[in-house]
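The values are calculated or read from the model by the stated rules, or taken from the named source; none is laboratory data. Here the structure is a predicted model, which is why all the values come from computation and not from measurement. Reconstructed Cβ throughout: ideal geometry from the backbone, glycine too, with neighbour counts over all protein chains shown.
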Amino acid sequence: MALQEIRRPADLRDLSYEALDELCGEIRDFVVQAVAETGGHLGSNLGAVELTLALHRVFDSPTDAILWDTGHQAYIHKIVTGRQNHFQGLRQAGGLSGYPNREESAHDFVENSHASTSLSYAYGMAVARDAGANEHRHIVAVIGDGSMTGGMAYEALNNIGHSRQRVVIVLNDNGRSYAPTISNLIATVTSPERGFVEHPSLPDRITGRLAHSLTNIRQNPVYVRRQRRIEQFLRELPYVGPQAEKSVDAFKAAVREFLQPPSFFEALGIRYVGPVDGHDIGELEQTLENAVELSAEGPILVHVLTEKGRGYPPAEDDDEKHLHDAPVFDPLIGPPKAVPTGYTQAFAEAIIKEAEANPKLVAITAAMPGPTGLIPFEARFPDRFFDVGIAEQHAVTGAAGMAMGGLRPVVAIYSTFLNRAWDQVVYDVALHRLPVVFALDRAGITGDNGPSHHGVYDMALLSKVPGMRVLAPSSAQELHAMLHDAIQLAEEGPVAIRYPNGSAPQVGEHDVGVGLLARRLREGDGSVCILAIGKLVNAAAKAAKLLEQQGIEATVWDVRCCAPLDPAMIADAARHGAVITCEDGVRAGGIGMTIADEVHAISVPVPVTVLGVPTRFIPQGKPDRILAQLGLDADGLVATARAAVGR
């Protein structure tokens, strides 16, 4: 059956397994071609083809709710739920979201682009179902092994098991999150010396076959019913009943402990089944159908083994991330090897330089060593590099512990993901005035991944934390200088450096500031002063040149230090006829409003126009286009300045 004929999940159910195998090949070709044209998440979706088809053949979406964590693996789900013809607009402005999206389809329940949340959603939806608030028959949470490293997932597992909610959990285990998964629950074994996946030994293969055989028995509903009758019979035996039942339970526990290490789940009250071949649709369907029947007694987890990037050689051969994500590329040869660029590259270079000078410096990341630029650091200082998995809260408090112990940790993390560790930043680091440096990549408007990935809250939040210093570089050289200064400044408490994705301007050695001081780029005639932060400094400089051509001499400051603000900069701004602030973070409660307060403390009559990101979710799109729409580009600043001076 041709892929074009699949318009809804029901179209899959009458296909033979031979036809399904052909369809899987077509889907993989389609996904590679689509991502090659728009960019997107590739490897995770190539590995989830058979699993997705099996799920939609067994479960009746949307009557049965299928929840995808993190959504990186949901492209196939989108294809079979009627959105195949929209993939030319994947991750484009006004086009198909790269994640499940409630506005796109009734089959999408969770706009899930931050990890480890699906189990909590599933618990809540199951509670609502059992209360009669909806008509969902089954609640299915599909979670990757990477997402299973997040603390929230374990909190939900504990609650699901304790409450006995009827939830089917599918653990899609490909041994990787972005980088190799940091967890003892994964299926593959990575050699730290050689860096590749080892083949299991003969005893391991024998154990695996025994475990698989027992799994086939334990997931058989007939066996389960007979087991329940035997347990009841033993329980009711005169005098020896309780002892006999305990003896059987002890034997079963010993077998599970030997053959099925993931009996961890059963200790939480969740029946474990697996591992199952995630590329065998027939085996998947049989296992899922049995799981549905067994879930009547409580939650069940189906452990599925898949291969990230399956079926596309460039993805299979990518040792770092199996093409987890990819830019636009030629599908015949695959994308070029991912390397840090721009500000990320500047950070990668700067942290190695600082680590060479300071043996106490260590680097921490939450499952993102490549995207944050730490792979060169890991290669140079393997004993001083720590990847804690998708566990931002643990990363921050772990850094606090390292700082207490005498180390000088640098936590490299995306701005949007730091939101998940807000409590830890405030009370575990700042309250103790600990020497922790936060390197916040992808700050500001980030683009194609949509509202969940814009890093627009960091400045507004962090600037309100007592003792926190917040720095924003406007060039690669500024980032080098700021990291160097931050290591010293952190001796008095935490420091955050936030910088955007993409290219970084290159400047000379005399165009770099120092410490907590702002830097004046241009002195005007006193009519208008523009105070710009980070990425927007370049836009402000361009705007000043355009204003000069129109007879307006603007003063331009690179704020550099957002908290605390440089008093000299504030005093200079207060002597102007008008002040404009611009930042690529939320306007409400942002740095611009703080600047306005401090300017007005000196001179109340000076009008201050505060520009920033509005308090709404910003959809996907190219960053420069979004900034232009918000009036945060050179032309927007020119228009604002002209209005401010009455021109």
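General remarks:
Results for (1) polar (S, T, N, Q); (2) under 22 Å from the mean Cα position of the chain (by Cα); (3) not assigned by TED's automatic domain parsing to the domain that holds GLN488, shown as yes or no for each residue.
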| site | (1), (2), (3) |
| --- | --- |
| ASP277 | no, no, yes |
| LEU294 | no, no, yes |
| LEU305 | no, yes, yes |
| GLY309 | no, yes, yes |
| TYR312 | no, no, yes |
| HIS324 | no, yes, yes |
| PRO376 | no, yes, no |
| PHE381 | no, no, no |
| ILE390 | no, yes, no |
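- Residues being among the small types (Gly, Ala, Ser) and not in a loop (DSSP other than H, G, I, E, B) - total across region 355-376: 3
- Restricting region 602-647 to residues that are free of Cβ contacts under 8 Å to residues at least 24 places away in the same chain and at positive phi leaves a set whose member that is farthest from the chain's Cα centre (by Cα) is GLY646.
- Test: residue in region 24-44 that is free of Cβ contacts under 8 Å to residues at least 12 places away in the same chain, surrounded by fewer than 19 Cβ atoms within 10 Å (Cβ to Cβ) and farther than 22 Å from ASP145 by Cβ: yes
Residues are listed down the side, and each one gets a yes or a no for (1) touching a residue at least 40 places away in the same chain (Cβ under 8 Å); (2) of a type in the set (Asp, Glu); (3) within 30 Å of GLU135 (Cα to Cα); (4) buried (at least 20 other Cβ atoms within 10 Å of the Cβ):
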{"residue": "ARG7", "(1), (2), (3), (4)": "yes, no, yes, no"}
{"residue": "THR52", "(1), (2), (3), (4)": "no, no, yes, yes"}
{"residue": "ALA74", "(1), (2), (3), (4)": "no, no, yes, yes"}
{"residue": "ILE79", "(1), (2), (3), (4)": "yes, no, yes, yes"}
{"residue": "GLY82", "(1), (2), (3), (4)": "yes, no, yes, no"}
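- Look at (1) more than 20 Å from VAL470 (Cβ to Cβ); (2) polar (S, T, N, Q); (3) assigned to a helix (DSSP H, G or I) and you find that THR594 fails only one, number (1).
- Checklist (1) under 26 Å from GLY95 (Cβ atoms); (2) in a helix (DSSP H, G or I) applied to GLN73, failing item: (2)
- Matching residues, region 408-422, being among the basic types (Lys, Arg) and assigned to a helix (DSSP H, G or I): ARG420
- Breaking point among (1) touching a helix residue (DSSP H, G or I) at 6+ places or on another chain (Cβ under 6 Å); (2) closer than 27 Å to GLY467 by Cα, for VAL556: (2)
- Within region 447-479, tally of residues that are over 20 Å from the mean Cα position of the chain (by Cα) and in a loop (DSSP other than H, G, I, E, B): 10
- Number of residues in region 539-556 that are in a helix (DSSP H, G or I), surrounded by fewer than 19 Cβ atoms within 10 Å (Cβ to Cβ) and not basic (Lys, Arg): the value is 3.
- Filter pass, TYR99 being modelled with pLDDT of 95 or more, of a type in the set (Ser, Thr, Tyr), more than 23 Å from LEU284 (Cβ to Cβ) and outside the structural domain of ARG625 (by TED's automatic domain parsing): no
- Within region 3-42, tally of residues that are in contact with a Lys or Arg (Cβ under 8 Å, 6 or more places away or on another chain) and either modelled with pLDDT under 90 or under 15 Å from LYS78 (Cβ atoms) (or both): 6
- Restricting region 425-446 to residues that are buried (at least 24 other Cβ atoms within 10 Å of the Cβ) and over 20 Å from the mean Cα position of the chain (by Cα), the residue that is nearest to HIS41 (Cα to Cα): VAL437
- Scope region 480-512; condition hydrophobic (A, V, I, L, M, F, W, C) and in a loop (DSSP other than H, G, I, E, B); matching residues: ALA504, VAL507, VAL512
- Among residues of region 423-446, those that are among the aliphatic types (A, V, I, L, M) and not in a loop (DSSP other than H, G, I, E, B), counted: 7
Each row is one residue, and each column tells you yes or no for (1) more than 19 Å from MET148 (Cα to Cα); (2) in contact with a Cys (Cβ under 6 Å, 6 or more places away or on another chain); (3) assigned to a helix (DSSP H, G or I); (4) modelled with pLDDT under 95.
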{"site": "GLU378", "(1), (2), (3), (4)": "yes, no, yes, no"}
{"site": "ALA395", "(1), (2), (3), (4)": "no, no, yes, no"}
{"site": "ALA400", "(1), (2), (3), (4)": "yes, no, yes, no"}
{"site": "GLY406", "(1), (2), (3), (4)": "yes, no, no, no"}
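- Filter result (surrounded by fewer than 22 Cβ atoms within 10 Å (Cβ to Cβ) and among the hydrophobic types (A, V, I, L, M, F, W, C)) within region 97-124: ALA106, PHE109
- Looking only at region 468-507, and only at residues there that are closer than 22 Å to LEU531 by Cβ and among the charged types (D, E, K, R), the one that is surrounded by the most Cβ atoms within 10 Å (Cβ to Cβ): ARG498
- Scanning region 2-22 for residues that are farther than 24 Å from PHE109 by Cα and in contact with a strand residue (DSSP E or B) (Cβ under 9 Å, 6 or more places away or on another chain) turns up nothing.
- Residues in region 368-393 that are farther than 24 Å from GLY502 by Cβ, of a type outside the set (A, V, I, L, M, F, W, C) and surrounded by fewer than 19 Cβ atoms within 10 Å (Cβ to Cβ): ARG380, PRO382, ASP383, ARG384.
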